[in-house]
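**Q** Mind looking over this structure? Questions follow.
The values are calculated or read from the model by the stated rules, or taken from the named source; none is laboratory data. None of the values given here were measured: they were computed from a predicted structure. Virtual Cβ from ideal backbone geometry, glycine too; neighbours counted across all protein chains shown. Ligands, DNA and RNA are stripped out before the accessible areas are found, and what is left, the full protein with its side chains, is counted by its heavy atoms. Shrake-Rupley method; radii C 1.70, N 1.55, O 1.52, S 1.80 Å.
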Amino acid sequence: MRRKLVVGNWKLHGSRAGNAPLLAALAAARPFACDVAVCVPFPYLGDVAAAWSGGELLWGAQDCSAHEQGAYTGEVAAAMLADFGCRFAIVGHSERRQFHHESDPLVADKAKAALARGVTPIVCVGESLAQREAGQTEEVVKRQLSVVIHTLGHCAGEMVVAYEPVWAIGTGRTASPEQAQAVHAVLRAQLQAATGHGERMRILYGGSVKADNAAALFAQPDIDGGLIGGASLKAAEFIAICRAAG
Ligand code: PEP
């Protein structure tokens, strides 16, 4: 039985003053029947660690350098994330692929660097609207994932995968539960064939998940929780999504 996981992706949002009540509201809503995490901008990691350490709530970052250390201005290494108690690092989010031109091999190297420091990579894959309309969804997500599987080798079973159709992120347009389940089943079969651990690995869905559509998505057999953007910034909405996973 896979325990569900709901991860908030704050993206480029937040302030120290505004984060505190959000973190406090989530802590006050415990216990949850699923694992709950937030991936916050780097400068806030210390505040989340201070607010939540010792409890059941988890946190992480939205990116991770592929490098261990060195002359890479602006980068943040996995070891630094581990220093702040990060359990997760999102890698390969479509916004990074689009705006920072991150390639499949770079995403795979970031996932490897995270795992090497005990930080679980949440590896995002997903097709664009044009690719879906051209019938290329399966081919695109399998290609994205296969590069990561190959790079991680025998550690591939340790990652979390997030299926995030690009056309559903921040658009209010969600994949139907059936559309999402179909892709999740493809990804699980790929993970099972490649690693032998597909049945125990968690595959999250992301893309305009809200309190009112979460339960139907999470009820699908291969959807093990969600990666939540906009709705993770509102305490009541995010808590309702977490409850829908439980
Ligand atoms: C995301 O940022 O990963 C995401 C899924 O965003 P949203 O929930 O806002 O679509």
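**Q** How large is ³J(HN,Hα) for each residue in the range 111-127, as worked out from phi by the Karplus curve 6.51 cos²θ - 1.76 cosθ + 1.60 (θ = phi - 60°), to whole Hz, x for Gly and Pro?
**A** 4, 5, 5, 5, 4, 4, 10, x, 9, 6, x, 9, 8, 8, 9, x, 9
**Q** What is the set of long-range amide H partners of GLY8 at a cut-off below 5 Å, with H atoms built 1.01 Å from backbone N?
**A** ALA37, VAL38, CYS39, ILE228
**Q** State the answer as a single residue: which of ALA113, TYR44, GLY55 lies farthest towards the positive end of the charge dipole of the chain, with beta carbon charges of +1 for Lys and Arg and -1 for Asp and Glu, about the Cα centre.
**A** Highest projection toward the positive end goes to GLY55.
**Q** Using amide H atoms built in the peptide plane, which far-off residues or other-chain residues are under 5 Å from GLY225 H to H?
**A** The list, which skips near neighbours in sequence, is LEU5, TYR205.
**Q** Also, I was wondering about something else. What are the ³J(HN,Hα) couplings of the range 38-54, residue after residue, when phi is run through the Karplus curve with 6.51, -1.76, 1.60 and θ = phi - 60°? Round to Hz, x for glycine and proline.
**A** Here the 3J(HN,Hα) series is 10, 10, 10, x, 3, x, 9, 4, x, 5, 5, 4, 5, 6, 10, 4, x Hz.
**Q** Same structure, new question: Might you report the magnitude of the Cβ-based charge dipole of the chain about its Cα centre, with Lys and Arg at +1 and Asp and Glu at -1, to the nearest 20 debye?
**A** My answer is approximately 400 debye.
**Q** Right, something else. Looking at the range 142-203, which trypsin sites (Lys or Arg not before Pro) are in a loop (DSSP not H, G, I, E or B) and have at most 14 other Cβ atoms within 10 Å? It would help to have the intermediate numbers written out before the result.
**A** Values: sites: LYS142, ARG143, ARG173, ARG188, ARG200, ARG202; in loops: ARG173, ARG202.
Within the range 142-203, the qualifying trypsin sites (Lys or Arg not before Pro) (loop, at most 14 other Cβ atoms within 10 Å) are ARG173.
**Q** Right, something else. Quick query: amide H of ASP63 versus all other amide H atoms, modeled in the peptide plane; which residues come in under 5 Å with a sequence gap of 5 or more or a different chain?
**A** Counting only residues 5 or more places away or on other chains, the set is ILE90.
**Q** Show LYS110, LYS210 ordered by accessible area, largest first, where the area counts protein heavy atoms only and the probe is 1.4 Å.
**A** Working: LYS110 5, LYS210 75 Å².
Order by accessible area, largest first: LYS210, LYS110.
**Q** For ASP83 and ARG16, calculate 0.36 nm times their separation in residues minus their Cα-Cα distance, and state this gained length in nm to one decimal.
**A** So the extension gain works out to 22.1 nm.
**Q** Using θ = phi - 60° and the Karplus relation 6.51 cos²θ - 1.76 cosθ + 1.60, list the HN-Hα couplings for the range 183-195 in order, rounded to whole Hz, with x at every Gly or Pro.
**A** Rounded to whole hertz, the list is 6, 4, 5, 5, 5, 5, 4, 5, 5, 5, 5, 7, 10.
**Q** Tell me, what % of the accessible area of the chain is carbon and sulfur with a 1.4 angstrom probe?
**A** Percent of accessible area from carbon and sulfur atoms in the chain: 54.
**Q** I've got another one for you. Exposed loop GluC sites (Glu not before Pro) only (DSSP loop, at most 14 other Cβ atoms within 10 Å): please give the longest stretch of the chain free of them, not including the sites.
**A** No qualifying site falls inside 76-246, the longest such stretch.
**Q** Continuing with the same structure: Give me the 1.4 Å probe accessible area per residue for the range 74-224, excluding ligands and nucleic acids, in Å².
**A** Dividing the accessible area of the range 74-224 by its residue count gives 42 Å².
**Q** Per residue, how much space in cubic angstrom lies within the convex hull of the C-alpha atoms of the chain?
**A** Details: hull volume 28.3 nm³, N = 246.
Residue-normalised Cα hull volume stands at 115 Å³.
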